[in-house]
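Undergrad: First the structure, then my questions, so here it is.
What follows is calculated from the coordinates using simple rules that are stated; it is not laboratory data. The shown structure was predicted, so the numbers you read here are calculated from the model rather than taken from an experiment. Please note: Cβ atoms are built from the backbone with ideal geometry, for glycine as well, and neighbour counts cover all protein chains shown.
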Amino acid sequence: MLIAYKDKTQTRRFASRMEKPKNYIGSPKKLKSLLKKNSGRSRGRVTVRHQGGRHKRFYRTIDFKRDKDNVPAIVEALENDPNRNVPIALLKYEDGDRRYIISPKGLKAGDSVIAGPKVEVKLGNALKLGNMPIGTVVHNVELTPGKGGQIGRSAGTGLIIQSKEGKVIHLKMPSTEIRQVSSECMATVGVLGNEDWKNMELGKAGRSRHMGIRPTVRGVAMDPDSHPHGGGEARSGVGRKSPMTVYGRKAVGKTRKKNKWTDKYILKRRKA
């Protein structure tokens, strides 16, 4: 849930934050590791712009595979993860093992979940797509059986099982794209919460810097040597056939690579 700050100072007047889970009990040490800072650099050179600074963070190891088959687990606590825009749930299995999963909307502390090829289709349970009925909303979906969830992992995301065709499942993405996925791939039942995350107002520049986001300068404000949009007298537009990145690649419209090897799995393209 989105919470507006009560402070009415210049910086906090319009700022807001996401409500944190109330039953936080602390992260197990074996599931945490210090997240290294790269500041968008590889061997000292900037490879990703607008990164740098950032507060010290710990990375939480998330179980995207859900490969602990047919072992029931209890949701011990829900936690906020500084590396994600969706809450995570700490599971305690019957054998004492603890693991993190990304938490679907409606999952509460004390709930029971289980993973397996043919378990019950219930919120938080993970099973094969081929064993779910048409119309089921899922997240954390595998693209290759056994590799772990790769799509449907961000806040407010839910993929819909539209139809089945032999050993192939037709999944409708949030972008309206319809994609073919193997029926042997695992997925978790439910839609991810925290959908208000995109409406959060940071309120001040310093908050962005703590998150590791450095300032962005518009290309049209630069000189022509620094950016494809640069140059021109006074206020000028892009000046090219289409907006491009600093590296000269198109930045709007259909930017997907042509003849990509995964094209054969896409039945319907998303809206441009």
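Undergrad: I need to check one value: relative contact order of the chain, counting alpha carbon pairs closer than 8 Å and at least 6 residues apart, in percent.
TA: Numbers: 565 pairs, mean separation 47.0, N = 272.
Relative CO of the chain lands at 17 percent.
Undergrad: Would you tally the net charge around ARG60, using a Cβ to Cβ cut-off of less than 13 Å, leaving ARG60 out, and scoring K and R as +1, D and E as -1? Mind showing how you got there, number by number?
TA: On the way: positive: LYS29, LYS30, LYS32, ARG57, ARG84, ARG98, ARG99; negative: ASP63, GLU79, ASP81.
Its environment carries a net charge of +4.
Undergrad: PRE reach from ALA4 (point 7 Å along Cα→Cβ): which of the stretch 15-45 fall under 11 Å by backbone N?
TA: 15-16
Undergrad: Checking the a/c ratio against 1.5 first, then a/b against b/c, what shape does the Cα gyration tensor give for the chain?
TA: Values: a/c = 2.11, a/b = 1.34, b/c = 1.57.
Judged from the Cα gyration tensor, the chain comes out oblate (a/c at least 1.5, b/c at or above a/b).
Undergrad: Another question about this same structure. Cβ under 15 Å from LYS22's Cβ, LYS22 left aside: what net charge do those residues give with Lys, Arg +1 and Asp, Glu -1? The partial results should precede the final answer.
TA: Details: positive: ARG17, LYS20, LYS108; negative: GLU19, GLU76, GLU79.
Spelling it out: positives minus negatives among the neighbours equals 0.
Undergrad: Test of understanding: what is the full-extension gain from THR176 to ARG218, defined as 0.36 nm times their sequence separation minus their Cα-Cα distance? Mind dumping the intermediate values first?
TA: On the way: separation 42, 0.36 × 42 = 15.12 nm, distance 3.06 nm.
Gain in length upon complete extension: 12.1 nm.
Undergrad: Sticking with this structure for a sec: Grab the other residues whose beta carbon is less than 12 angstrom from that of ASN131, score K and R as +1, D and E as -1, and report the net.
TA: Values: positive: LYS118, LYS128, LYS164; negative: GLU120, GLU184.
With Lys, Arg at +1 and Asp, Glu at -1, the neighbours total +1.
Undergrad: Also, I was wondering about something else. Sort TRP261, TRP197 so the one with the fewest other Cβ atoms within 10 Å of its own Cβ comes first.
TA: Working: TRP261 7, TRP197 15.
Fewest-to-most Cβ neighbours within 10 Å comes out as TRP261, TRP197.
Undergrad: Report, by chain and number, residues whose modeled amide H sits under 5 Å from the one on PHE58, excluding near sequence neighbours (fewer than 5 apart, same chain).
TA: LEU35
Undergrad: Moving on. Among the lysines, which fall within straight-line cross-link reach of LYS105, defined as a Cα-Cα distance under 23 Å, with same-chain neighbours fewer than 8 residues apart omitted?
TA: LYS20, LYS22, LYS65, LYS68, LYS92, LYS118, LYS122, LYS128, LYS172, LYS198
Undergrad: Suppose the chain between LYS250 and ASN131 were pulled fully straight at 0.36 nm per residue; how much longer would it get relative to their current alpha carbon spacing? It would help to have the intermediate numbers written out before the result.
TA: Numbers: separation 119, 0.36 × 119 = 42.84 nm, distance 4.12 nm.
Full-extension gain reported as 38.7 nm.
Undergrad: Percentage of Cα-Cα pair distances in the stretch 59-139 greater than 20 Å, rounded to whole percent? List each step's numbers first, then the result.
TA: Values: 935 of 3240 pairs.
Tail of the P(r) past 20 Å holds 29 percent of the pairs.
Undergrad: Can you give the Kirkwood hydrodynamic radius of the stretch 1-50 from its Cα pairs, in Å with one decimal?
TA: Numbers: mean 1/r = 0.0654 Å⁻¹.
With all distinct Cα pairs of the stretch 1-50 included, I get 15.3 Å.
Undergrad: Given q = 0.18, 0.23 Å⁻¹, what are the Debye log10 I(q)/I(0) values for the stretch 158-206, with equal point scatterers placed on the Cα positions and solvent ignored?
TA: -0.67, -0.89
Undergrad: I would also like to ask the following. Among bridges DSSP assigns within the stretch 16-197, what percent are antiparallel (round to 5)?
TA: Values: 37 of 40 bridges.
Of the beta bridges lying entirely in the stretch 16-197, close to 90 percent run antiparallel.
Undergrad: Straight-line reach from LYS6: which aspartates and glutamates have Cα under 16 Å away, leaving out those fewer than 8 places along the same chain?
TA: GLU19, GLU201
Undergrad: Once you charge only the Cβ atoms, +1 for Lys and Arg and -1 for Asp and Glu, what is the size of the charge dipole of the stretch 165-272 about its Cα centre, to the nearest 20 debye? List each step's numbers first, then the result.
TA: Working: 24 positive and 10 negative charges, 81 e Å.
Here the stretch 165-272 has a charge dipole of around 380 debye.
Undergrad: For the stretch 1-123, what is one quarter of the convex hull surface built on the Cα atoms, given in nm²? Mind showing how you got there, number by number?
TA: Details: hull surface 43.6 nm².
If you wrap the Cα atoms of the stretch 1-123 in a convex hull and average its projections, you get 10.9 nm².
Undergrad: Ok, one more. If the chain between ARG12 and SER226 were fully stretched, how many nm would it gain, using 0.36 nm times the residue separation less the Cα-Cα distance? Spell out each step's value before the answer.
TA: Working: separation 214, 0.36 × 214 = 77.04 nm, distance 3.47 nm.
The ARG12-SER226 span can extend by a further 73.6 nm.
Undergrad: To make sure I understand the rule: partners must be lysines, Cα under 19 Å from the Cα of LYS37, and not fewer than 8 residues away in the same chain. Which ones qualify?
TA: Once the sequence-local lysines are set aside, what remains near LYS37 is LYS56.
Undergrad: OK, next. Roughly how many debye, to the nearest 20, is the charge dipole of the chain about its Cα centre, given +1 on each Lys and Arg Cβ, -1 on each Asp and Glu Cβ, and no other charges?
TA: 1260 debye
Undergrad: Can I ask one more? Give me the percent relative contact order of the stretch 169-272, please, defined on Cα pairs under 8 angstrom at least 6 residues apart.
TA: Normalised by residue count, the contact order of the stretch 169-272 is 31 percent.
Undergrad: Cα centroid distance between the stretch 41-76 and the stretch 193-255, in Å?
TA: 26 Å
Undergrad: With just the Cα atoms of the stretch 140-268, tell me how far they stretch along each of the three principal axes, in Å, largest first.
TA: 61, 38, 23
Undergrad: Let me ask something else. So if I place +1 on the C-beta of Lys and Arg and -1 on the C-beta of Asp and Glu, and nothing else carries charge, what would the dipole magnitude of the stretch 50-178 be about its Cα centre? I want it in debye, nearest 20.
TA: Values: 21 positive and 14 negative charges, 71 e Å.
Rounded to the nearest 20 debye, it is 340 debye.
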